[in-house]
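Here the structure comes first, spelled out in structure tokens, and everything after it is commentary.
No lab work stands behind these numbers, since they all come straight from the coordinates. Just so it is clear, the model here is predicted, and its values are computed rather than measured. Every residue, glycine among them, receives a Cβ derived from its backbone with ideal geometry; neighbour counts consider all protein chains shown.
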Amino acid sequence: MSHLAQNLINGTLLGGLYALIAIGYTMVYGILRLINFAHGDILMWGVYFALYMVIALSMPWWLGFIVGIVLAGLLGFSVEKVAYRPLRNAPRISALITAIGISFFLESLAVVVFGGIPKSFNIYPKFFNKIVIFNHLRIQMLTFFILGVTFVLLFGVLWLLYRTKTGTAMRAIATDIPTTSLMGANVDNIISLTFIIGSMLAATSGIMWAMRYPQVQPYMGFVPGLKAFIAAVIGGIGSVPGAVVGGFILGMTEILVVGFFPNLAGYRDVFAYVILIVLLMFRPTGIFTVYSEQKV
Amino acid sequence: MGTKRISFKTNFILTTVFVIGVGFLLLAASHSVGDYWVRIITLMAIYSIMAISYTLVNGVTGIFSLGHAGFIAVGAYTAALLTLPIQQKTMSFFIAPLIWPLNSIQMGFFPATIIAGLVAAFAAFLVGYPSLRVTGDYFAIATLAFAEIIRIVIQNSYSITNGSLGLKGIPPYTNIWWAWGWLLVTIIVIGSLKFSSYGRALRAMSEDTVAAGAMGINVFKHQLMSFVVSGFFAGIGGALYAHWLTTIDPRPTSLGIMLTFFVLIMIVIGGLGSISGAVLGAIFFAFAAQWLRIVESPMNFFGITIPGIPGMSMLIFATVFILIMLFWRRGIMGKDELSWQYIYDHFAKKAGDQD
Amino acid sequence: MIKINNKKDERKDVLRLENLTIKFGGLTAVDSFNGYLKEGELIGLIGPNGAGKTTIFNMITGIYAPTYGTVTFNGIDITGMKPYVITHLGIARTFQNIRLFSDMTVLENVLVAEHSWLQNYKARKILHKHEPEKFPRPHWKPWFWSAVLKTPDYLKMERHMKDYAYELLKAVDLDKFAHLKASALPYGPQRKLEIARALATRPYLLLLDEPAAGMNPQETQELAEFVQDVRKKFSVTILLIEHDMKFVMKICERIYVLDYGKIIAHGVPEEIQNNKRVIEAYLGDESYV
Amino acid sequence: MKKALLLISIALLMVSVMFGAESVKIGVAFPMTGGIAAFGQMTLNGVKVAQSLYPTVLGKKIELIVADNRSDKTEAANVVSRLIDYNHVVAIIGEIASSHSLAGGSIAEKKHVPMLSPASTNPLVTQGKHYVFRACFIDPFQGHVAAVFAHNYLKAKTAVVFTDVVQDYSVGLANFFIKDFTAMGGKVYREFYQSGDQDFSAQLTDALGKHPDVIYVPGYYPEIALMARQARQLGYTGPFLAGDGAEAPELVKIGGDAVNGVYYTSHFNADAPFTKIGKEFVAKYKEMYKESPSALAALGFDAYLLLRNAIQRANSTNPEKIAEALRNTKHFEGATGYITIDKYGNTIKSAVVNVVKNGKFTYVTTINP
């Protein structure tokens, strides 16, 4: 029983991290219909930014984190501006290929700038490593922190989307760019804002990821990025609540599969991919249907 | 507008002369440039086969697959398991013995390559049949997922593929003639396909699937067909690659997503949808990967040593890749082919400009 | 009150639409559309923007599956069939916003439509069941391999396809642009090429979606003659959507008027011109001038 | 102007020819960029220390030509070919990762140029090859050493073995450990993970339910460090046992206090070198790089010396003769111990066990073959 409970806690933790990354994916996809392959790499850069703020500029850890997150937002903003905006009217495949190129570029640049050797991320207070024992369950303080941040940010994003004018404009663009621009909303600004928010969420997740698994390396963003995309598809791409639910489902599945069938650990990623493929075949719109794609 | 059309006969003669010329060049090269460059020249042909088969799907047919490395891996493993000497098999498989009948088979390179192609084509069918029901970026992600599944299964099947230990001692059959010979076959078959009625249907689909469907083209069937043909030649490329390298393993960096990215770089440089572009892109990639060693190793300019920057070559490739996508999306060839007609038109235009 | 010309028509039905209905989410885009086309007719389908005309085309050609109702073509129920099968059976169409294969040459555009000659096996099987005498059992050929290996059979077929394509291009007066990219053509010839491409599938029924859109009066005039010409020369039945009332009134034998997904009028041009509901529906619409 | 250029180039050519005649070219094929660049860098440091101590052989200067394989298998084969064919080296120190050595080894074998790998421990690397050697012991031996240590020193009865399914190295060590440990009467449970994994909580929760006396993780340091942290958080206080893949300063940096009590089998400990030349090496290394040498550096050092020794004994720079001499290496004194190369190209030498104590790699014991 405690085995299950422990696994459930671990799964929630992993799921929360996936969910935060997936929100950025799903928002960008909802608006631009673009799989932003570079999303995971922006996450990685955010973590490096935070690390260097603390180590090189000797900022306090919390300030370093915030500056890192802001810088990641700026990076997302520039990536959109430099690489995606010129291709907005190009075929979608071109945008997708460019996104792959950007991902490849950000990774290569990180190798050149930061070196390919993993760096340790021990720049946060020891307090987070403390363990609370609760009825045979061992829960790290970090768990509460990560879950707390995840839920605060999640509700923040939902509030922004459904309760503010900007959010309404974002949702409007997601359905129809030309009409929205006719209605007087500045499409470019709103798309930029989407990228900034998505990148900052990813960086936040990345930093918490690095707190839990304290090492940083240039390829750290790829797998979480891909998994978060799968989470977004599970939830119904374009839907923010869907992305969160998808993230938790995926995180939970991965942990439970390995926890109860240790022999299948080698196939762990296969489960995520199989879920993805089955879902794409039979319910491509995911759990929360947002858009139907038919347009002739 | 007086562009002359070059007749079939002229075309045929010129092409034959060109192929024989390239043959002589290769013959000369294999005797003069040394083993290292011969290896690179062989690699160029292997990359070209991978790139052509990839461009058939991603460029000509216009469906964006990210699963190419999966089929290359299937081809590489199939061929390697068929040509590996039995004694080598018993030595390599020390975690779990190889299953029957693979443990008692050893065959020649040519049949093994063909079987590798067929098995890879079958894998492409199995992947394509479900994946092609979704379109666009969903298809890209589905194929990426399938390729990863293939890789992970290879990684975990110790009694068939030797798992993460990989295979070694594969006979080094791939030489300059096998590689360039297969490249010629690939160019002829895929070129012939591209310029047949089927190729027109594929190109039409790449522009507008709805209109193509309305013109009576079974879009799904044609996409699947293109995918399977591509899988066949990817398998051939994999078989050649395995016998060139003599050892293969299922790491993400050797037969995983990295390889798909590399081939993608080649066809983006060459122009999505062009066979000759794919060849040029592959040759450029194989050459530049060696040539860019200059920027990575310390340089000595009159006594001043400039330290090399590790990782620079990949950064340069990535930068070139993005610049092409942003400013020169047609790449070297666009969707055109480097035909005699193309060259003639080009020069005719140049001459016209000077008048 | 819908007035219909009740004169008995002996010609056979090419197309019959019964209770055709489609819903997108909560919205009913087309509501119980009933209609028919007799062999050799030239029929117009008109209505204000968003009335659901193109949606009907999309249901006939299999791009959308109707929520209710059936589409019967030459006595075969084609509801829910795949677009390519429907094309093989003999329905061809053009698109509202021209959808040529713009990167391919004019000739290749036509040749693409002829590609189905190689492999309309499935459609022939369906026809075979219905009219065995007209469609003898097809001989299956491995055209794919023939095409790759360039067998004499295939080369003969290819020559045949090219000849017919030139013939079609000559008929629409585009043969001199055969090797030009389709995107390089001016607007009017692009419309014509789209019709030629549709004809290359050898249809019984041709669906034209706003063929006169964006043309000046003189071009429209030419087009009207051209459409009538095509009907005669290729002996096809034509159903067309058009905004230009003059154009429709001039060439169509019967007209269906659609508003908010429902038929509001059906009859010969004179009847439609004087129909109160049609005038009402068109009042606010600037395109009716 | 043209004449001047011509003269300069002729002069340069002559200098290079003269220089060429004076030197013995040895190729170094290491990963200097990419995923395992750190290993390449560490090993190269050791090679350079050896070169600065012993720069000549047979009265000629030894010239090292370093070629980067970019941590990529295709390039691993290409650089060996390049070194042999383009740079005309007489022998190669090279390829760190076993998969790279397999790719490069087949080229060296074909060209009859000896290749000496400092750190490829996979038994397949030298198998059936006459021109491929190594300076390190092989996976089966390391697994055996770990089993002996767990049984005799840690007195363990139950072990949980974590296998990194992606790494042939890990699979090899785990299998030989399990074989030997069960033969000694121990009980083994297995768990699996893969390189790049960051969350081991599921496996650890399962593993700790078995109440192991030791957890054997023959993987690489990033995962070992993360695993140790998560295990400590789940309440595990017992020892970890690992292979030489654990040895990197990052283990402590990432793992923090959690990695205290991680034992690992290794080739070398800088605090307790037990040969004279080992002491000399540590001193010189500290002088050159201001830090303690890693085991990889020691292996790079030994690879250079083994090759130099073989050239001396062969009294020739003929690759065939060097290979022959290498194969006859007997009781050679290197930094990592006394090395004998058997007829298969593998080394027979002792292993050390180190432990992380207060964030320092501390020598525990030596286990002889």
* Under a cut-off of 21 Å between alpha-carbon atoms, report the lysines in cross-link reach of D:Lys129, not counting same-chain residues fewer than 8 places apart. => B:Lys89, B:Lys168, D:Lys73, D:Lys110, D:Lys111, D:Lys321, D:Lys330, D:Lys343, D:Lys349
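Roughly how crowded by other chains is peptide B:56-67, in terms of the mean Cβ count from those chains within 10 Å of each of its Cβ atoms? Mind dumping the intermediate values first?
Working: counts 0, 0, 2, 1, 0, 0, 2, 1, 7, 0, 3, 0.
Mean shielding by partner chains, rounded to a whole number: 1.
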* If the cut-off is 20 Å between C-alpha atoms, which lysines fall inside it for C:Lys181, apart from same-chain ones fewer than 8 positions away? -> B:Lys4, B:Lys194, B:Lys335, B:Lys349, C:Lys162, C:Lys170, C:Lys192
* Per DSSP H run of at least 4 residues, take -39500 (n - 2.57); add these up for chain A, divide by its residues and hand me the 222 nm value, nearest 500 deg cm²/dmol. => -23500 deg cm²/dmol
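All other residues with a Cβ under 12 Å from the Cβ of C:Thr220 taken together, and with Lys, Arg as +1 and Asp, Glu as -1, what is their net charge?
On the way: positive: C:Arg191, C:Lys246, C:Lys250; negative: C:Glu210, C:Glu219, C:Glu222, C:Glu225, C:Glu242, C:Asp244.
Spelling it out: positives minus negatives among the neighbours equals -3.
Counting partner chain Cβ atoms within 10 Å of every residue's Cβ in D:117-129, what's the average? Walk me through the numbers before you get to the answer.
Working: counts 0, 0, 0, 0, 0, 3, 4, 11, 2, 0, 6, 7, 2.
The shielding value for this peptide is 3.
Charges at C-beta only: +1 for Lys and Arg, -1 for Asp and Glu. How large is the resulting dipole of the protein assembly as shown about its Cα centre, in Debye rounded to 20?
My answer is approximately 1080 debye.
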* Using per-residue counts of other Cβ atoms within 10 Å, averaged over each peptide, order C:263-274, B:273-284, A:75-86 from highest down. => B:273-284, A:75-86, C:263-274
* Just how large is the dipole of region D:140-266 about the Cα centre, in debye to the nearest 20, putting +1 at every Lys and Arg Cβ and -1 at every Asp and Glu Cβ? -> 480
* Could you name the lysines in cross-link range of D:Lys187, using Cα to Cα under 21 Å and dropping any fewer than eight places away on the same chain? -> D:Lys155, D:Lys157, D:Lys179, D:Lys210
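Taking the Cα centre as origin and putting +1 on Lys and Arg beta-carbons and -1 on Asp and Glu beta-carbons, what dipole magnitude results for chain A, to the nearest 20 debye? Could the numbers behind the result be given before it?
Numbers: 17 positive and 8 negative charges, 57 e Å.
The dipole of chain A has a size of about 280 debye.
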* Structure fact -> Expressed as a percent, the portion of alpha-carbon pairs in region A:2-282 spaced more than 22 Å apart is 57
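Calculate, in whole percent, how much of the Cα-Cα pair population of chain C lies beyond 36 Å. Before the final figure, lay out each step's value.
Working: 7154 of 41616 pairs.
Value for chain C: 17 percent of Cα pairs lie more than 36 Å apart.
What is the local net charge at D:Gly104, summed over the other residues whose Cβ is closer than 15 Å to its Cβ (Lys, Arg +1; Asp, Glu -1)? Mind dumping the intermediate values first?
Details: positive: B:Arg39, B:Lys168, D:Arg70, D:Lys73, D:Arg82, D:Lys110, D:Lys111, D:Lys129, D:Arg134; negative: B:Asp35, B:Asp249, D:Asp68, D:Asp72, D:Glu75, D:Asp85, D:Glu95, D:Glu109.
Overall, the nearby charge balance is +1.
If Lys and Arg each add +1 and Asp and Glu each add -1, what is the summed charge of the other residues whose beta carbon sits under 14 Å from the beta carbon of A:Gly76?
Working: positive: A:Lys81, A:Arg85; negative: A:Asp41, A:Glu80.
Local net charge: 0.
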* Using modelled backbone amide H atoms (1.01 Å from N, in-plane), which distant-in-sequence or interchain residues come within less than 5 Å of C:Lys262's amide H? -> C:Asp31
* Structure fact -> Rounded to a whole number, the mean other protein chain Cβ count within 10 angstrom for residues of B:322-328 is 5
* Structure fact -> What the 20 Å binned alpha carbon P(r) of chain D shows, as percent of pairs per bin from 0, is 30, 54, 14, 2, 0
* Asked: When the distances between all Cα atoms of the protein assembly as shown are binned every 20 Å from zero, what whole-number percent does each bin get?
  -> 10, 34, 33, 17, 5, 0
* To do: Could you calculate, for region B:8-354, the ratio of the Cα radius of gyration to the Kirkwood radius, expressed as Rg to Rh?
  => 0.99
